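The values are calculated or read from the model by the stated rules, or taken from the named source; none is laboratory data. These figures come from a predicted structure and were not determined experimentally. All Cβ positions, even for glycine, are placed from backbone atoms using ideal geometry, and neighbour counts span all protein chains on display.
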């Protein structure tokens, strides 16, 4: 089996495209999976789901839930309710995983924010279990600790998932976020049975910016094949998402992008 | 005793200033320590040392040694020899610590580069012991893993120092580099007896850039006082360096900068 059968196009890679364009282009390029972002649903997951299915595609994950921390209890409550909606949307889309980006401390201390993340996941767990959705806890690179995620290492994500102790709590491993970690290989192994997703892109040198600076696979220093093999060795054989946040890719996205992704995926990940 | 008695001005904070200006301005502002960068020595550590002593200042550290990894054995050998010179310079300056920034993988794999760092430190150890200089292993923030340091966590620095097992091997804790780490408190405690330096600045939101984006204490999200108290609790009572890489500070550096640093140091670190 070619690794292309596991390829998923995370639609943020071509944010200027509508969901319809993503579906159409991926279908034409023979890419079997897409990862969907909530802001592309226009609040109508059923319509999106019908369109995706009609083109024969499957959804690898819905991005994203989480963002638990907030200065007030009322706001934290609203976050939980929004996550419940996200779980429902994931179920409607047939996405097995809701990617959880925990959010920044956002007015709480770092310790309190981290406790809030665990509390939030525990509160969502019954909904996730009932819907058959995995909450995929994704550690983000530590450079996002202040603005996007107080969960910053795979060890931390593993500890959260172990503490929750349910098949509905897993971890999402994104190469860009974890490659630097001296413990990454040990923690990938530790994630066995709980891997809910694997994402690839690359870390260019120099890094052009913290948010939009990811590169196409092969244009950076990440040992992607080594990480993919380690993830596979845990028994994970699900979709592998290509998720590239890059201004230049957004500006120039055309159908050639998908052919380039397929080629580089085979060259650097397979 | 006021914490100001432990304040050290790391001269990279005002890189446009010559060493002479740094010494003069710090002396006038009553700042007792400075941290010196090698590129400011003009190859004459004895002359620099005499000037610093004549103004009654002490040197908290010399920045920097390390940068061990390289594609060829010949280049790696040159790095070692350059580090030997740095150890001598530190001794001449009366600096108790040579700050070690390990360097990026630089043509090696990440694993090999990390092994090269340990090898390099072990090779330098007899020189450091003979000169009474501590090799201060400084973990850098993981966003510098590709370009500046394969040592990215305090845990990793602790493991290196423990493995070397000499009073001449210590760790340097920079708040900007470690604040995000879920293990930071545990690892600071673990560093007891091996802390060779403590650096402060702040992490602004949003971060304007990876290299030159550090902020003045109090202009960011780092819980500086909490970290300082944890470092003090290990028994460390040495100099605390203010080290701010920031374009704007470089552009506007005047003597008011030192008064601002003293004020903010007392407000946010003491």
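Is it fair to say residue A:74 is without any contact (Cβ under 8 Å) to a residue 40 or more places away in the chain, within 30 Å of residue B:225 (Cα to Cα) and surrounded by fewer than 14 Cβ atoms within 10 Å (Cβ to Cβ)? Taking the combined requirement at face value, the residue satisfies it. Of the set (1) within 11 Å of chain A (Cβ to nearest Cβ); (2) in contact with a helix residue (DSSP H, G or I) (Cβ under 9 Å, 6 or more places away or on another chain), all apply to residue B:166 but (1). Does residue A:95 meet the test of being touching a residue at least 12 places away in the same chain (Cβ under 8 Å) and closer than 22 Å to residue A:130 by Cα? It is true that residue A:95 is touching a residue at least 12 places away in the same chain (Cβ under 8 Å) and closer than 22 Å to residue A:130 by Cα.
Screening residue A:210 on (1) within 11 Å of another protein chain (Cβ to nearest Cβ); (2) crowded, with 18+ Cβ neighbours inside 10 Å; (3) at pLDDT 95 or above shows it passes everything except condition (3). Being at pLDDT 95 or above, within 16 Å of the chain's Cα centre (by Cα) and more than 13 Å from chain A (Cβ to nearest Cβ) is a description that does not apply to residue B:192.
Quickly run through segment A:117-129 and pick out the residues that are touching a helix residue (DSSP H, G or I) at 6+ places or on another chain (Cβ under 9 Å), away from chain B (no Cβ under 14 Å) and surrounded by fewer than 24 Cβ atoms within 10 Å (Cβ to Cβ). If the condition is that a residue be touching a helix residue (DSSP H, G or I) at 6+ places or on another chain (Cβ under 9 Å), away from chain B (no Cβ under 14 Å) and surrounded by fewer than 24 Cβ atoms within 10 Å (Cβ to Cβ), then A:119, A:120, A:122, A:123, A:125, A:127 are the ones that fit.
Just one of (1) on the phi < 0 side of the Ramachandran plot; (2) in contact with a strand residue (DSSP E or B) (Cβ under 8 Å, 6 or more places away or on another chain); (3) more than 9 Å from every other protein chain (Cβ to nearest Cβ); (4) in a loop (DSSP other than H, G, I, E, B) fails for residue B:218. It is (1). Applying the criterion of being within 13 Å of another protein chain (Cβ to nearest Cβ) and under 12 Å from the mean Cα position of the chain (by Cα) to the residues of segment B:174-189, the residue that is farthest from residue B:144 (Cα to Cα) is B:175.
Of the residues making up segment A:137-154, one or more are more than 14 Å from chain B (Cβ to nearest Cβ), under 17 Å from the mean Cα position of the chain (by Cα) and either at negative phi or touching a residue at least 60 places away in the same chain (Cβ under 8 Å) (or both).
Please verify whether residue B:177 is out of contact with any strand residue (DSSP E or B) (no Cβ under 7 Å at 6 or more places or on another chain), under 15 Å from residue B:63 (Cβ atoms) and buried (at least 24 other Cβ atoms within 10 Å of the Cβ), treating the condition exactly as stated. When the stated conditions are applied, residue B:177 passes them. Remark: residue B:107 matches the filter, which requires a residue to be assigned to a loop (DSSP other than H, G, I, E, B), within 14 Å of chain A (Cβ to nearest Cβ), free of Cβ contacts under 8 Å to residues at least 40 places away in the same chain and surrounded by fewer than 19 Cβ atoms within 10 Å (Cβ to Cβ).
Conditions (1) part of a helix (DSSP H, G or I); (2) away from every other protein chain (no Cβ under 14 Å), marked per residue:
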| position | (1), (2) |
| --- | --- |
| A:227 | yes, no |
| A:231 | yes, yes |
| A:236 | no, yes |
| A:244 | no, yes |
| A:248 | yes, yes |
| A:260 | yes, yes |
| A:265 | yes, yes |
